[in-house]
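Structure record follows, encoded as structure tokens.
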Amino acid sequence: MSTVLQVKEFPMFMDGKWQAAESGEWFDIIYPGNGQTVARVASGHKEDVDKAVAIARRTFESGIWSKQSIEIRAALLLSFAQQIMQNADELAYLEVLSSGGTLRRVRNMDILQIADLLLQTAEFMKSYPYVEYLPIQPYPGPANGQVWREPIGVCAAITPWNFPMILAMWKIVPALAMGNSMVIKPASHTPLSTLKLAELAVRAGIPAGVLNVVTGAGSQVGEALVTHPDVDKIAFTGSTTVGRNIMRQAAGTIKRVTLELGGKSPSILLPDADLRLAIPGSLFGVFLHSGQICESGTRLFVHESQYDQVLAKLAEQAQAIRMGDPFDMETRMGPLVSKQQMETVLNYIEIGQQEGARLVCGGKPVQIPGCEGGYFIPPTIFADVDNQMRIAQEEIFGPVLSVIRYKDVDEAVQKANESIYGLAAGVWTQNINEAYRIARQLRAGTVWINDWHMLRSDAPFGGFKQSGFGRELGKYALDEYSQLKHVHASLVTEEKRRVAWDLLLESPIEKA
Ligand code: NDP
């Protein structure tokens, strides 16, 4: 892999400066394309978290950002977008190097998505109701009632390894838009692009100390953030198991929490669907980024009348997906993020076979010439899957599709909803009325009709059920990074008209 540079050290980024960990320790970053160490990153602990939180708090209280005008904050977000586009090659390189996502996707989608989010958020900020005026009501009588939306304070973000840049920016952008300061802890596999983004934010003119990155293990840095008394909010994306712990631990200091957790998203293919769209669309829905996407369409419900035909087409097209070196712009599917994730996925493939599901294609690791030692698993399809099997109920987070047979649509919808998760769902049909009828019944935060993965900067994204709560993206995300203050100014100057006071005071006028 000629594109990888020599091993480089990445300290943490706090207060606008690169800073080594207090302990002086480092950890390795492995390139998933060949299993080699490609970078070393500062290994933070509680003392580094304390330092970053103190910086973020001081910056917040100074008002340099929290009390900055909306117009200037919006302009600086635009300048941040400009920095991202100017440094797109480096960001994409760092992202591919640590996550194994294809350069084709990172360059053509991820970078554009985060720049678009900044652009659109700067736009939402113009019309966001920072101040709302309440009408005068009979009770409490003439008063100027206002509702203000204010920043929360110090927000902490804990992000996963599948889309390091995108998922960091889904938190950074609304937090900064609302005037908060932030401390972010990226996943230990993939901290490089987040560190670079924090540097670019400062280069864009966002004051030092507003956005700080602490790298290190979740059990150390993550927990220290979740339990820190001076952190006001935690935004987390990752596994449901860690999400549950975070919720429990955050209770100690009554932190605001938003969680974006796992998924096992169902996709229902109706007999009238246009298979020219539904077959490649279903494959796109599950195998993009080797299936390491929380909202991937991992359970495909197919009517018994066309089950064998659909399965054959799925297998044929899945096997044609070009796997390879993620840095090659022609590669459509790269490696899994880590050896551990590869083992997890292989273990689920084993479980599927033991449960009696039929392996139709894939299922074994493959060697890619030039990427020896990489963590490659080809598109894997299971047929004859029962919705109660573990491969249909548990998040695998790899390139594994479970194809489930159904007899009638209502049964498919019911089974689609039989899951602890509710992140996304989809339906393939040419009957739009039927599609909306089914969309109403699907218990998920996003429903795609004849499509998949189409997240937009202006639409809310988040889960139903144990997929979490809180919404990212759009103006909805601004709500999650602000708190409401009701300010009441009485317009009543005559004491005898202060009727409520009479509940306590017999004659306020005489007492005065
Ligand atoms: P985790 O949930 O363990 O990791 C997500 C983030 O949480 C990382 O930054 C991690 O740090 C951090 N973290 C880990 N433990 C703690 C803790 N005790 N307190 C606070 N933060 C913590 O996901 P994994 O990387 O282990 O992946 C496991 C599974 O999670 C996947 O197979 C997949 O099913 C699911 N997942 C879901 C994602 C989603 O988008 N919803 C994204 C990624 C994974 P560190 O990296 O240092 O461990």
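The values are calculated or read from the model by the stated rules, or taken from the named source; none is laboratory data. Not measured: the values here are computed from a predicted model. Quick reminder, even Gly has a Cβ in these numbers, built from the backbone with ideal geometry, and neighbours come from all protein chains shown.
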Is region 3-18 home to any residue that is of a type in the set (S, T, N, Q) and modelled with pLDDT under 95?
yes
Give just the number: which of (1) under 27 Å from the mean Cα position of the chain (by Cα); (2) closer than 30 Å to residue 373 by Cβ does residue 8 not satisfy?
(1)
Could you list all residues from region 435-463 that are without any contact (Cβ under 8 Å) to a residue 24 or more places away in the chain and among the β-branched types (Val, Ile, Thr)?
447, 449
Look at region 208-222 and say how many of its residues are under 17 Å from residue 171 (Cα atoms) and either at pLDDT below 95 or within 10 Å of the ligand (Cβ to nearest atom) (or both).
2
Hits in region 259-284 (condition: assigned to a strand (DSSP E or B) and under 27 Å from residue 336 (Cβ atoms))
259, 260, 265, 266, 267, 269
If you go through 254, 268, the only one that is away from the ligand (no atom under 16 Å from the Cβ), under 26 Å from residue 386 (Cβ atoms) and either free of Cβ contacts under 8 Å to residues at least 12 places away in the same chain or in contact with a Phe, Trp or Tyr (Cβ under 6 Å, 6 or more places away or on another chain) (or both) is 268
Given the conditions (1) more than 26 Å from residue 75 (Cα to Cα); (2) within 19 Å of the chain's Cα centre (by Cα); (3) more than 7 Å from the ligand (Cβ to nearest atom); (4) surrounded by fewer than 24 Cβ atoms within 10 Å (Cβ to Cβ), which single one is not true for residue 196?
(1)
Looking at 327, 287, 301, which one is in contact (Cβ under 8 Å) with a residue 60 or more places away in the chain, assigned by TED's automatic domain parsing to the domain that holds residue 398 and in a loop (DSSP other than H, G, I, E, B)?
327
Go through region 425-454 residue by residue and tally those that are within 16 Å of the ligand (Cβ to nearest atom), of a type outside the set (Val, Ile, Thr) and surrounded by 20 or more Cβ atoms within 10 Å (Cβ to Cβ).
4
Region 139-166 - residue that is of a type in the set (Gly, Ala, Ser) and more than 16 Å from the ligand (Cβ to nearest atom) and, of those, nearest to residue 49 (Cα to Cα):
153
Within region 161-190, count every residue that is closer than 25 Å to residue 47 by Cβ, part of a loop (DSSP other than H, G, I, E, B) and either in contact with an Asp or Glu (Cβ under 9 Å, 6 or more places away or on another chain) or among the polar types (S, T, N, Q) (or both).
3
Identity of the residue in region 16-56, in a strand (DSSP E or B) and among the small types (Gly, Ala, Ser), that ends up surrounded by the most Cβ atoms within 10 Å (Cβ to Cβ):
42
What residue, among those in region 223-246 that are part of a helix (DSSP H, G or I) and either out of contact with any helix residue (DSSP H, G or I) (no Cβ under 9 Å at 6 or more places or on another chain) or among the basic types (Lys, Arg) (or both), is farthest from the ligand (Cβ to nearest atom)?
244
